[in-house]
Structures are given as structure tokens and as C-alpha cells.
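Please treat every number below as a calculation from the coordinates, not as lab data. Small disclaimer: the values here were computed from a predicted structure and weren't measured. Because the Cβ atoms are built from the backbone with ideal geometry, glycine has one as well, and the counts that use them run over all protein chains shown.
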Amino acid sequence: MQKFFEIIPSGTNIQFVKNAWKFIVLSLILVTVSVGSMIYNSAVRGSVLNFGIDFQGGSTVRVAINPEQQIEIQEFRDALGEMGYQGASALTVPDAENEVLLRVKEVHSIDPAQAQACEDALKSYDTAKLLQFTYPPQGASKIFLKFDGQPIYGEIERILGDAGCEGRADKGTGKEGEFPVEVSLIGIGAKIQEQIDAHFGAGTVDHIVSSETVGSKVGGQLKRDGIQSLLYAIGFIFLYVMLRFDLRYAPGGIVALSHDAFMVIGAFALTYKEFNLQTIAALLTVIGYSINDTIVVFDRVRERVALNRDGDIEEITNSALNETLSRTILTSTTTMLVVLSIWVLGSGPIKDFAFALIVGLVVGTYSSLFIASPLFLYINRRFYDGEGHLLAADKEEREGTGTLLGSATGAEVDGISGKTVGELRAESKEPSDGATPATIDATATPTGGTSGAPKPSGDGEGRTSRRRRRRRPGS
């Protein structure tokens, strides 16, 4: 006989179901810690999570520092505070020498007074007459212009630059006969560059590598879209589990994956790592992984329940969990090795993405065993009287002979003979004087006898005698 390597030896019987309440208490404690971290962050730091500029709005400027300048990263942080950028941060860029990533909450590249000065400067433009000057007030990085004729973009850029609105002019969108122009402002990056040069000396900033700005209005919309994506994912997964298995299984799967997503959010609240669009992507990945693991466990539970219909459902569920334990550990471990590699070797947003997956993998495996399955058992006991897994007769069979009824202890009892199904099966399979096992005649008398001698099940006539058919409730 071939033997295969097993991480979990066959016959292992860990009492998952009996000890489930301990882990439910642990989950409640972790949820309390997560909520407490969010309350603390809101009271002390001003925000429940460290929302990135994707959600909160702000600007990210990546600048290259002159190699001749030797400036510590803490000096940049202090300088940003002195410049009036409250809540700003400065980080070194891994694998990039002499580059610093600056994050500030400001999004306005020019103030209203500067915008008015730029509009006045364009009114004196002779090539084409300015018809409209639009600068949206909420974190805009563009100026929208309209002329009565075709302007020269280079001249527009020069006039605006001299007035303090440095940017690049391009053809805009508009109706036929109009001459729209969109001016993409260099953004707050140019302002920060000037301020750094003024603070540390001219030529400190060699050049601006990149500059991104997200307005507060856009950030709020992204936040709402991220929440909706999570709710839609959870809703469709609930529908899938309900149709794929049974309504009894769906609440357990949904509570488990919601638990996993909240644990990841709680980890970000506790560590105050930046919460951005990459984190939303990680949450959706964790939800998908969690429900996949839970479905594998549920599939084995359903299979074992179908094969042991007259057994105790809690013991059957516990056996199914032990049978899938080896597969669960192997899958989670191999996935964890990849994610840990990304976390160790990665940097920036990818490192936070890997951190979210690490937390999600741990709680996802944990919830499939200790959250989803116990909740399935509770639903089955509370709303299905603990008999939802047993085969029983329908209403017509209950009115006839040979009905199988569920006893108070959950055992199946023959309504005519008074014997349990197990006893009847044993009698039907027990050979008599070397004869083949006999089947139970459907015409059994109340005393357990039959109207005739049992016929061997091997001949054609014996096959007409059959065991009573039992069906699932509602089937």
C-alpha cells in the first residue's frame, strides 16, 4: 500500500465545535480592540484611519535632492511644519538615491488672489479675446479658458507663468465655434520646491520627479465607491452561497468574511498605516480568499452530513473540519510564503498591501474553522430544530405504513416495528445459515414480523422488495 506524507495525521480529532465559543470570545475581544483603536484615532489624531490622499484629498510630491546636499529626513519633516503644512509627512524613497516623498493635505496650487491676477493678465492678451476664465475652488489643478479666436498656447503659458499660474496649456473641449483651452497647473509641487530652496538654500531640489493632487471632493467620492464595492461583493457572495449550498450555510459564510474584512481594517487602525485604494483592493482579495476557504470547508461538511444522516450533526461537522485541516494548512502556508516575500522585499504601497493580505490570510483561515461552521450549526439548531440534515418522510408517507419518525433524541425509529433504523439495517445485513442478506419487506407487521419469509436479494423477485424510501423535508 502506498503511503503519502500528511501534515495532519489521519484520525486527528481536534474538538473545533466544542471549543468554538472560546474563539468567538477571542473574536469579540479583537473587534473591541479594533473599535477602541478607531475611537482613539478619531479623538487624538482626528481620523479613525490614516486615510491616504486617495480618500482624504491632498498632494504627493516626489522630489530629487541635489546630491551635494546632505539633509536628514527629519529636517524635511521639521521644515514642512515650519512652512505651515500641518499633518505633512516626508519619507525616503527606497531604491532611489537622494529622493524624498512629501505628502501634504493642501490641494490648491494657487489661491483665489493668484487666480484673479492670472485672469487680469489674460484680459490684456491681444491675439484672442478672453471670454471665460474658470478655476474651480475645490482643489482644482486646472484652469479652463475660452477665447473668441484661436490663441497661441505658448503665449498663454508665458502670460500665466509671469502672473504666478505656471502650467501647460492644451486644447480643451467645447462646442463648435468655441476655442477652449485647458491649463494644467504644475501644482503644489512647484510651490513646495520654491519653499524648500528658500529654506535650505538655492538648488536644494534638483527637479520634481512627480506630483499628484486629489481634491477633497474626489477623495470623498472614492471613499464612498470603495465602501460600496465591499458591500456589493458581500451581497453577491451571500447570494452565491445560498444558491450553491443552503440558506443555513450562507449566514456563516457572510459573517466569516465580514469578520475578516473588519479585522484587516482594525489592524490598519491599530498600526495607523495608510489606508488607500490599494488597501481596498487588498480587502476585496481577502474577502475572495476567505469565502473560497469557507466554501471548501462547507462542501466537506455537507458531504459528510449526507453520508451520515442518522449521526450527530455536531460530531459530523467536527470530523469534516478535521478532514479539511491538512488542506487548509497547506493552502494557507504556501500562500503566506508568497505574501511574506512581498512584504519583506517590497516597499511603499506594495508593502502595506502585503501587510493587509497577511492579516487576511490568518483571520480567514481562523474564521472558516471557528466562525462559519459554528454559526451554521446554530442556524440549523435554532431554525431547523436540529433536524435539517436528517432524512424524514413527507406528509403522505407519515399517513401510511412504515413511516420513519425522528425521536426526541434525534434517532430514526420505524413507526411500525418500533426498532431503530440501525437495528433494522443490522437485521437486513446479517446472514442466516449462510444465506445472502435479506431486505426488509415493506409489508412488515406491527410485531416486527413479515407477511412472508424474506426473499434473497440476489434473485429478480427479491429485488422487488425494497427498503422504505426516506426523503428530505421539503424535497
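Some points to look at:
- Legend: translational diffusion of the range 14-125 by Stokes-Einstein, Rh = Kirkwood radius over C-alpha pairs, 25 °C, 0.890 mPa s; D = 131 µm²/s.
- Working from the Cα coordinates of the range 315-387, the gyration tensor eigenvalues give, after taking √(5λ), semi-axes of 34, 14, 5 Å in decreasing order.
- Radius of gyration and Dmax over the Cα atoms of the range 112-185, both given in Å: 11.1, 32
- Lysine pair number, Cα distance threshold 18 Å (strictly under), the range 112-185, separation 8 or more or different chains: 7
- Per-peptide packing, taken as the mean over residues of other Cβ atoms within 10 Å, places 25-31, 268-274, 74-80 in the sequence 268-274, 74-80, 25-31 from highest down.
- Remark: C-alpha extents of the range 1-66 on the principal axes read 70, 37, 20 Å, sorted largest to smallest.
- The HN-Hα couplings worked out from phi for the range 198-208 by the Karplus form 6.51 cos²θ - 1.76 cosθ + 1.60 (θ = phi - 60°) are 5, 7, 9, x, 4, x, 5, 8, 6, 6, 8 Hz, whole numbers, x standing for Gly and Pro.
- Distance between the modelled labels on D170 and D197, one decimal in nanometres: 2.5 nm (7 Å Cα→Cβ projection).
- Whole-number percent relative contact order across the range 112-185, with pairs defined as alpha carbons under 8 Å at least 6 apart: 31
- With N as its number of residues, the range 266-395 has a Cα radius of gyration that, divided by 2.2 N^0.38 Å, comes to 1.33.
- Ranked by how many other beta carbons lie within 10 Å on average, peptides 299-311, 246-258, 172-184 from highest: 246-258, 299-311, 172-184
- Proportion of all alpha-carbon pairs of the range 159-204 beyond 12 Å (%): 69
- Charged side chains reduced to their Cβ positions (Lys and Arg at +1, Asp and Glu at -1) give the range 112-185 a dipole of some 160 debye around its Cα centre.
- Contact order normalised by residue count of the range 46-176, Cα under 8 Å, 6+ apart, percent: 19
- Taking amide H atoms as placed 1.01 Å from N in the peptide plane, the amide H of F51 lies under 5 Å from those of F275, each 5 or more residues away in sequence or on another chain.
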